[in-house]
Amino acid sequence: MPLDTISTYAQTLLRQDGRRWNELRRITASISTQPSSDGSSLLTMGNTMVLCTVTGPREGNRRGQRDNTNATVETEINVASFAQMDRRRRVRNDKRIQELQSTVSSAFQSHLFTHLYPRSTISISLHVLSLDGALLVACLNAASLALVDAGIPMPSILAAISSGSVTPTDDSSTRPEPILDLNNVEEQELPFLSIATVSGHPGSEDKVSVLTMESRCQIGGANSKLESMMATGVDGCKQVRRKMEDVIRKHGAKVLQGRK
Amino acid sequence: MKSLKRGLAADPNAVNISSKVFIRSAKSGRVQKVVREQYLRKDIPCSSLLCSACASTAVADANGVVPKFVLSKRPAGTKAFPDGHYLIPDTNVLLSGMDLFEESGHFHDVVILQTVLEELKNRSLPLYNRLMALTRSEDKRFYLFFNEFRSDTAVRRADGESINDRNDRSVRKAAAWYTSHLARVTKKPPVIVVLTNDQENRRKSKKEGINALSLRQYVEGLDDADRLLDMVSQGAEGQEGRALQGELFYPEYYSMTRIMTGIKAGTLHQGVFNVSPYNYLEGTVKVPAFDKPLLVLGREASNRSISGDVVVVEILPKDQWKVPSTQILDEDTVNQNDNPDNEEQEESVITENEKRALQEDVRRAHSAGADTRAQPTCRVVGIMKRNWRQLVGTIDNVSGSATGNRQTTVFLVPMDKRIPKIRIRTRQVEELIGKRIVATIDSWDRDTRYPVGHYIRSLGELETKEAETEALLLEYDVQYRPFPKAVLDCLPSEGHNWKVPTDTSDPGWQGRRDLRNILVCSIDPPGCQDIDDALHARPLPNGNFEVGVHIADVSNFVKPNNPMDAEASSRGTTVYLVDKRIDMLPMLLGTDLCSLKPHVERYAFSTLWEVTPDAEVVSASFTKSVIRSREGFSYEQAQKRIDDPTATDELTQSMRTLLSLSQKLRQKRMDAGALNLSSPEVRIEADNESSDSLADVKTKAQLATNSLVEEFMLLANITVARKIESVFPQTALLRRHASPPASNFADLSDQLKRMRGFELDVSSSKALADSLDQCVDPTHPFFNTLIRIMATRCMTSAEYFCSGSHAAPEFRHYGLASEIYTHFTSPIRRYADLLVHRQLAYAIGYEGGGNEIADESLRNKGKLERVCQNLNFRHRNAQLAGRASIEYYVGQALKARAEKTPGAAIDVEGYVMRVFENGIVVFVPQFGIEGLVRLEDFQLKNDEAAKRESIFDADGYTLTVFEKGREQQGVTVELFQQLKVRVSSEEKSGAREKGKRRVRIVVLSV
């Protein structure tokens, strides 16, 4: 049996991949990877790799669902069968994937300036090529970058991260030990949540736009784990946003250079 | 088109990321390729208090706390390293020498490498847990160094390098780093000592300038080396030099893949290996594929497996099938003269004597033409899981004199008869002889006849009360250490002065009914301190009665998930020995605050019924309450009070009501088919040193008041079980007793039919109860009890379970003939009851203290199932320990009697329980013991001390004993026969019997 985080963390303050509690995995990203689409990005967080293409805004193909005042955001997520350790056959109508799709859609539906494109559709297509935890988080970040690439107006960049909590037992007497950006092994072992924020106006605080948690965790009480996880997560989102902005700036600089 | 490749070179952090890729194969045969990232860093401290550099860069956790540095400034020195040293053990050293590392006087300042920790966890989870406990203890100063994550010490597996070589290399690299790192920060750094039993690794270390020692070499340099050296595992030695030599006694195990495919294909079978208590060469393996267990005969077939191991077996061809042995075989008597030193000279794994014993079996199987009775036999071809634990035993008489400090090999004979002798090497033979010793098995290779083990510690002189009691507790895995401080901290701060608050607005009163005005009393065995239950009955205006059972409200004091709860949960039950009680809860609670002592107010959990005078339950309700017991009776006192016609007070009247109701309840239960079972029970009053000890062995008397209490407790348990099952359909903690399969009774019913012509109907518990009632022998009143005892042994044992894990029809309690049952009435001494209290409190919507966090854990099925498993295990062990304790004391009592009045023989009645070819098992009801009677122990007319012989009739269950050539003067005994026997306690020559004072039984006349 491999080592686990809970039993050794208190003594070493190290996680199973050698990170400290507040360190992200390596994030790399590039945009405009797929010239055939309107916007695209390729994002890696550690061993998780997501390819995103955005089509639109364009005229909605399904008449009935057209919104007369706003654009509709549609999302399709496809986890490659080779993305994880075991080769998995794709199940059609996987409820979990469907929920992720609607989470991503609604996050951007309210974030983008959709009122500029009434009666049209923006399709986000996400391909998970390799998965090592943080599925929703990587999808949100990749989509965020691809939407920027597609030139769809938005007030700020939506950045997401997962955060978890290392606590020895169920008991509420110990202080919470939050950790940031969990990989797959940690997700199996620890309670965690996925959080995404958008930056507010200059000077005001970031706003949480997505928050999901599927594990059991103590919410109330003196040493609330949820609170520490969220605080850590909001900080983590800032780090992620900085990295994404870097990517965009670099890409922009390159584009400008190409024009000259 | 752009490339999808990541520009790794462009990333400044890329150097710090490495990845760990390995292939792993699951038990199911699936192969997975695992890829993990590893972030290498420079801020992992060395954790030595000498080092200021690391202290300045140490990183804090999320709460801003920097972990304390562990390794001391001035570590202890040894002869070889007078300036002090830090230890770095490798995995094999930890695997074989964990007992040494747990020694309190030595092995401080140890660096545990991540590489080692991970490997250890892979190899043995229990050892890993013990090591983690060490790393958490402050005074041992063990430091977990995550060497794989520090960039200076991370090691990549080279091409073609085996994983073991890589791990050894990473240990050496870490040691080298520590050496150079400490040299940089201090002038006189402690020496880094690598402990490894691998010669090759030591050679390489030497080449690289690292101090590397084997565990033995290191221990030799410590003071107290003699004692510690005995604790060095023999297995570790084996790895060093000796490759398997010439003679191989045992066949090789099959390879894991062959076993797995075999099991899948159904040609091999997996099961737990059990050794017969009467014949150490005969074992059985129960496998799911067959109804009857498979036989394993002889050492070669059992192939190094030890009772309790999970083994894989292969069925032998039909011509080798045999009838189970009817002989009694003790290892001691067969192989008395083995010499532990002369292992290598022995010809084969089976000694001549053993061969002869087995030969008998085969002859019988063939001559009887008993193909019908021959059972399939099998041989062990692999071991899935070893069940090796610490064993308590004694040193066998040493052949040859051990002088001085020389290392000698001796046999340790475990108390448990089913486990073979263990070869251990020791330098302190003289001190160990005549002591109770704890040892463990290290290995059992193909070239050694007996397993090899090592000494752990000595418990003290044989036959001293302390040593024997501790031996017993260890043997049955009873946790007997004093309660740790964390547990005691959970007790109420008022201590013995705690009182039920007088003010009824106190939070303690919330949701409680005030039942202080009701006349409640308790009835318990004499001298009982932990009073769990109290009762009352009073007439109602409508002619019915209100009956109440009040149970100590332990859940008020033991809150869920605190250290006290965890301790109680792991102890599971209070263990009662003859002279000692190992409490589940601290004394303060068990015997005072919870105990429903007379004349004081106590919190209780009450069950109240309205019953008609015919004992029909009209309604039931539950409430937390406060009661004041008016009197604490013993069974006898209560009986006297009830029988006393002059006592007409209200309390006595209510007891009379209870008694008459209980008798009606009992009748109803019996009509429903409840079994009246028997187990040999005696009570020992041990405190009285001066009195005639033998008189103190009493069979438990059954008074009407015993069953009074019992009936109402059963009623309470059943009522509560219904309630909690309705609220927690998935997670109610219940108790069930499965109906035994009819095949369990096959032997007994055959015996009864042949010997006495009785039919045993086992179709239902009602039928069984009725047919047991039929088994009466007017001339032997005890006969019926004997049959009940034997029938009890044919049944399965009752178990705790969680309601979601069985279908509702299987909730049934067979023995009590109840549809549903649980334990509610003894929360002071059973953890199950405590959990049931919590569930019931939740079920009735009790809002008081302790209920807030209970909800979650009460609904967690997985957790509850684990708890049940542990409770069942502890419960069984507690029973076994209690019985063993009584057995020991009966022996002691007999011994004392013999010493006081030598020559005064104790002649009592005995009954034949089993008949073997060379002896019988006799049960002596007066002392509640059963013992083997060998041929030599039959008293014959005209005894000439010639060799005894016997004729055994397997079908008629008779045995005729006679001296060679004098068949006419033989003595014939048969099953169930009543005998006059002489009981005495004597020290047997075999080391196994030693100290245990096996009772010797001699058959006097027939």
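Quick notes
- Under the convention that each Lys and Arg Cβ holds +1 and each Asp and Glu Cβ holds -1, the size of the dipole of the stretch B:388-475 around its Cα centre is about 340 debye.
- Estimated FRET transfer efficiency when R0 is 35 angstrom, pair B:Asp43-B:Ser255 (beta carbons, to 0.05): 0.20
- Residue-averaged 222 nm ellipticity for chain A, from DSSP H runs of 4+ at -39500 (n - 2.57), nearest 500: -10500 deg cm²/dmol
- Selection from B:Trp444, B:Leu459, B:Thr469, by position along the positive dipole direction of the stretch B:388-475 (Cβ): B:Trp444
- Net charge dipole, the protein assembly as shown: roughly 5200 debye, given to the nearest 20, about the Cα centre with Cβ charges of +1 for Lys and Arg and -1 for Asp and Glu.
- The stretch A:95-122 and the stretch B:525-571 have Cα centres lying 60 Å from one another.
- Each of B:Ala769, A:Asn183, B:Cys868 was placed along the dipole of the protein assembly as shown (beta-carbon charges, centred on the mean Cα), and the one lying farthest toward the positive end is A:Asn183.
- Label point distance in nm, B:Glu430-B:His599, each placed 7 Å from Cα along Cα→Cβ: 5.9
- For the stretch B:102-150, the list of GluC sites (Glu not before Pro) that fall in a loop by DSSP and count at most 11 other C-beta atoms within 10 angstrom reads B:Glu138.
- Judged by the mean number of other Cβ atoms found within 10 Å, the most tightly packed of the peptides B:741-748, B:106-113, B:778-785, A:32-39 leads the ranking B:106-113, A:32-39, B:741-748, B:778-785.
- Note on the protein assembly as shown: dipole from Cβ charges, positive end direction compared against B:His85, B:Ala808, B:Val611; the farthest Cα belongs to B:His85.
- Counts of other chain beta carbons within 10 angstrom of each beta carbon in peptide A:20-30 average 4.
- Note on A:Ser106/B:Val66: beta-carbon distance plugged into 1/(1 + (r/R0)^6) with R0 of 51 Å gives a FRET efficiency of 0.75.
- Across B:Lys286/B:Lys322; B:Lys79/B:Lys206; B:Lys264/B:Lys863; B:Lys499/B:Lys559, pairs whose alpha-carbon gap is larger than 22 Å: B:Lys264/B:Lys863
- Cα shape, the stretch B:39-240, gyration tensor, a/c 1.5 rule: rounded
- Antiparallel bridges, percent of DSSP beta bridges restricted to the stretch A:29-259 (to nearest 5): 80
- Set of the stretch A:224-258 residues, backbone N closer than 13 Å to the point 7 Å along the Cα-Cβ line of A:Glu205: A:227-228, A:230-235
- Residue with peak Gaussian network fluctuation, chain A [Cα springs, cutoff 10 Å], from A:Arg242, A:Arg92, A:Arg66: A:Arg92
- Net dipole in debye of the stretch B:456-531 [+1 Lys, Arg Cβ; -1 Asp, Glu Cβ; about Cα centre; nearest 20]: 440
- Gyration tensor (alpha-carbon) shape descriptor, the stretch A:111-260, a/c threshold 1.5: prolate
- Test item: B:87-98 mean partner chain Cβ contacts at 10 Å: 0
- For the residues of B:36-42, the average number of beta carbons from a partner chain within 10 Å of their own beta carbon is 6.
- Theoretical FRET efficiency, 1/(1+(r/R0)^6), r = Cβ-Cβ of B:Thr796 and B:Ala954, R0 30 Å, to 0.05: 0.65
- Measuring between their Cα centroids, the stretch A:143-162 and the stretch A:67-84 lie 14 Å from each other.
- Gyration tensor (alpha-carbon) shape descriptor, the stretch B:739-795, a/c threshold 1.5: prolate
- The stretch A:29-259, relative contact order [Cα under 8 Å, separation at least 6], %: 21
- Extension gain, B:Ser180 back to B:Lys73 (0.36 nm per residue minus Cα-Cα distance, nm): 36.9 nm
- The label-point distance for B:Lys668 and B:Asp579, in a model that sets each label 7 Å from Cα toward Cβ, rounds to 4.6 nm.
- Trypsin sites (Lys or Arg not before Pro) within the stretch B:169-232: DSSP coil, no more than 10 neighbouring Cβ in 10 Å: B:Lys187
- Placing a pseudo-label 7 Å from each Cα along the Cα-to-Cβ vector at B:Arg24 and B:Val617 gives an inter-label distance of 5.0 nm.
Read the figures in this text as sums done on the coordinates, not as results from a lab. Model, not experiment: these values are computed from the prediction. With ideal geometry, Cβ positions are generated from the backbone for all residues, glycine too; neighbour counts draw on all protein chains shown.
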